[in-house]
1. So which residues in segment A:208-222 are in contact with a His (Cβ under 8 Å, 6 or more places away or on another chain) and surrounded by fewer than 17 Cβ atoms within 10 Å (Cβ to Cβ), if there are any at all?
2. In segment A:27-62, which residues are touching a residue at least 40 places away in the same chain (Cβ under 8 Å), out of contact with any Leu (no Cβ under 9 Å at 6 or more places or on another chain) and not aliphatic (A, V, I, L, M)?
3. Could you please find all residues in segment A:252-275 being hydrophobic (A, V, I, L, M, F, W, C) and either near RNA strand B (Cβ under 8 Å from one of its atoms) or not in a strand (DSSP E or B) (or both)?
4. Does segment A:657-671 include one or more residues that are farther than 27 Å from A:PHE555 by Cα and in contact with a Lys or Arg (Cβ under 7 Å, 6 or more places away or on another chain)?
5. Starting from residues that are in contact (Cβ under 8 Å) with a residue 40 or more places away in the chain and within 10 Å of RNA strand B (Cβ to nearest atom), keep the ones in segment A:366-391 and report whichever is farthest from A:ASP625 (Cα to Cα).
6. Which of the residues spanning segment A:345-355 are buried (at least 16 other Cβ atoms within 10 Å of the Cβ) and under 13 Å from A:ARG181 (Cβ atoms)?
7. Within segment A:671-729, restricting attention to residues that are of a type in the set (Ser, Thr, Tyr) and under 19 Å from A:TYR637 (Cβ atoms), which residue is surrounded by the fewest Cβ atoms within 10 Å (Cβ to Cβ)?
8. Could you run through segment A:627-665 and say how many residues are closer than 15 Å to A:ASP601 by Cβ and hydroxyl-bearing (Ser, Thr, Tyr)?
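The values are calculated or read from the model by the stated rules, or taken from the named source; none is laboratory data. What you are looking at is a predicted structure, and each value in this text was computed from that prediction instead of being measured. Ideal geometry is used to build each Cβ from the backbone, glycine not excepted, and the neighbour counts take in all protein chains shown.
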Amino acid sequence: MDSILDKGYEPHEVEKRWYAYWEANNLFAASEDSNRPAYSIVIPPPNVTGVLHMGHALNITLQDILCRYRRLCGDNVLWMPGTDHAGIATQNVVERSLSAQGIDRHQLGREKFVEKVWEWRKTYGSAIINQLKKLGASCDWHRERFTMDEGLSRSVKKVFVQLYEQGLIYRGHYIINWCPRCMTALADLEVEHEAHDGTLYHILYPLSEGEGGPIVATTRPETMLGDTAVAVHPEDDRYAALHGKQLTLPLTGRTIPVICDTYVDRKFGTGALKVTPAHDPNDFEIGRIHSLPSPKVIGDNGIMTEEAGKYQGLDRFACRAAVLKDLEAAGLLIKVESYNHGVGHCYRCHTVVEPNLSKQWFVKTKPLAEKALEAVKSGQAKIVPEKWEGDYYQWMENIRDWCISRQIWWGHQIPAWTCSQCNEIMVALEAPTHCPTCNSSHLIQDPDVLDTWFSSALWPFSTMGWPDETHLLKTFYPTSVLVTGFDILFFWVARMMMMGLRFMDQVPFHDVYIHALVRDENGKKMSKSTGNVIDPIDIIKTYGTDALRFTLTAFAAQGRDIKLSEKRIEGYRNFINKLWNAARFSFMHIQEDHSAAAFSDLSLPDRWILDRMKTVTRQLADALDTYRFNDAAGDLYQFVWHEFCDWYLEFIKPALYGNKGKAEQQSAKNVLWRVLHDTLILLHPIIPFITEEIWDKLPGANGSIMQATFPSFDDTLSPIAFDPDAVEQMTLVMAVINAIRNIRGEMGISPSQALRVLIQSSDEKTRHLIDQNQEFIVNLARLNDLAIAAAGEKPKATATAVADQAVILVYLEGIIDFGKEAARLEKEITKINVELEKLDKKLNNQGFINQAKPEVVDKTKEQRQGYTEKRDKLAVNLEKIKSIQAE
RNA sequence: GGGCGGGUAGCUCAGUUGGGAGAGCAUCGGCCUUACAAGCCGAGGGUCACAGGUUCAAGCCCUGUUCCGCCUACCA
């Protein structure tokens, strides 16, 4: 019999064809005017410079599952796509490409450079979007947004101006984290701390008058050139004599004072602290209190400044070496000890970050954080898995002001102008023409741009047209859920909460689903430099998109990282192929539309699979509603492969081939059609392509599967029913088949050899059930004869098994090895005895009988009863085998 | 320094109110049974990190120990 499907599923052509079809037919589009329930997700905007990695693949797959699922449930779904402009990263990329041509951005000037970046974006910016499409992402692409677009830029300015006017944005001189390579300030979050085996240097600072002097300890000796004091604790007896004394700063000859400050930790190092106000945040604070000068000895580019005297022009690390050499020569380097401490690195280029004194813009975060904290505590927004709420709380409670200015050119230029006459600062949406104070027209816009995360923080409402009161906002804000990795919980989620609450007065999302990080098979973070990256696009080429999506979904357990290896993807590719072949088989028998068929003449397997279908439908809905993606994938895998394919299809083959009459053939086809139909819908959110392809070939399935209706598990609406009797009966039938297969396997009997079996049972119901379904047993256990009896003698040359109330005797004339059979039975009996011992121990325990729930006690008694009967039946047969052996 | 997560079969991991230890892969044995060898049938394999405690009952709850990972932090 022919099938309309080819042998073996070939994903690539299929994926291309259906994605184009979906887009062409506008099936991803949200409606702004619909009375269906609204469901919305904004995409975590990937960097426009980005290349798709596994983290994106997981993130996109999970969102796509939710969106496709909600569409099947009848919701009006908006999945808002877009990218962010990734200020520092993009500027770095473009600078690098220019420098390959021998061009420095300063030669070009700001305006030309920004033009170049836009050009770059036009050429390469859609690359990541096209990759998202390869994953099957059903975003509403017509609404795609970019953080540097006109509309979003307007939102950014508006927010900046309002926060400034409300006193929540301020400008000031502070020590910030500075990347000397990117030449910009960084927020605290943008610094990655790494444990570093460094060195603690002990240096003698001689008294200007007299002998000796304090010894200070430092990990960064080059900063001593900028020291303006040595601080000791006022109550530290060791240094009481130094109070008010002057020191000669080595290598510079400058005179600096000894000051007293309780900040100094007497227990650390020598208890004497060198103070470098321009290059350390704590020293800056001490310097401010004691009115110390703060010379900058390290320049913004990491090169020593004029203030560093003869070290001017040296790189900061070269300077460190030089300073140490000179100190040693002068006999001032007293002690050198190894010391493990954290060193900050730039999260974009990994250069060692330098604390740097400069003028920056900050967001006052406390007032914003309070509301963001409250929103989660009160349940307005829910974080899943819940454990992340603790991290969120801790961060919000200890939040520090956010440095938002960056000294780069690519980004939203800060809408602040300074009057060059009177230094008045103006912050406004539009460029002012005159200074309101002195009326000068010499106004200079602040050259800095805003942190990219500042614009990302507005994403849930800026993408929907804010500050205008759009239909989109009314329909889809707050969004339903945000799906993202924990690595940007603070960078992004926390800040969206703050901004959303501030400007929309509502949380930006009801749920936040935090998913795992994808790692390599050894649990290492995938990175280009380690060379352990598995490229999703390569995987798609080899195994197909559906295989990748199913794998990621199956591994997306809450609260754990995903260790990915190709081996696993291969396994799930096999599942895709299995589904394909099941459909291929089905189509050999289904040639017409069975959608309207009423179920009648149902066989036991029919009734069973319909119950299972319904159960798995409910399980899937439960799993997706609670973001248990791995359960969703696992339940479907189990159902499709091990129930539908392994059992149901095998059971109904005789019926389908017409061996059991027209009525049963028709019934089997009706049920097969229904189960295939519903299963495709259940699978579609996870594996959209193959399900669409099969759906397309399924008679009576109209339109795209994207427009299908999720099967109901409400009994009153569903054409199929829960059927616990069928499940119970099938359990026995399958147990009988399993028992016979087990004997066949253990006794080493070829599958091609048909067997003769006698089933004895004193239970009439059991006999009846087996009799009713004997054709199924004969077929799947490969029997040539099945007899059923109430009781009787055990025939001589048989192997024995027990399934519930049934004793199964397999005739093995001529091939039985009695020794082998005796061993097999003994093994089985031993296993049962182990279980019985455990149960007896429980039941002999008065505490258990008296205190455990009665249903638990009853269940335990039943179990003991069952095991005892089974063991006794096997034991009787074992005795017989032994007596035969003895003959 | 503070906080969080994890340690379950050879490997990767599930295990949702405490009540008979599971899956996938790998391994071993048997099969080209007309949807599928990317397959079918069968089998073996675990002191649930360690030590205590609560309980009639602990992989699950509590305490301590240990190992691994991550986040966070202004002690030079």
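1. A:THR219
2. A:PHE28, A:ASP33, A:SER34, A:ARG36, A:PRO45, A:ASN47, A:THR49, A:GLY50, A:HIS53, A:ASN59
3. Correct list: A:VAL264, A:PHE268, A:ALA272, A:LEU273.
4. Here is the first cut: in segment A:657-671, the residues farther than 27 Å from A:PHE555 by Cα are A:657-671.
Then drop every residue that is not in contact with a Lys or Arg (Cβ under 7 Å, 6 or more places away or on another chain), which leaves none.
No - not one qualifying residue is present in segment A:657-671.
5. A:ASP391
6. A:HIS345, A:CYS346, A:TYR347, A:ARG348, A:VAL352, A:VAL353, A:GLU354
7. First, pick out the residues of segment A:671-729 that are of a type in the set (Ser, Thr, Tyr): A:679, A:691, A:704, A:709, A:712, A:716, A:718.
When the remaining residues are screened for being under 19 Å from A:TYR637 (Cβ atoms), the result is A:679, A:691.
Values: A:THR679: 23, A:THR691: 25.
Among them, the one singled out is A:THR679.
8. Looking only at that region, the number is 0.
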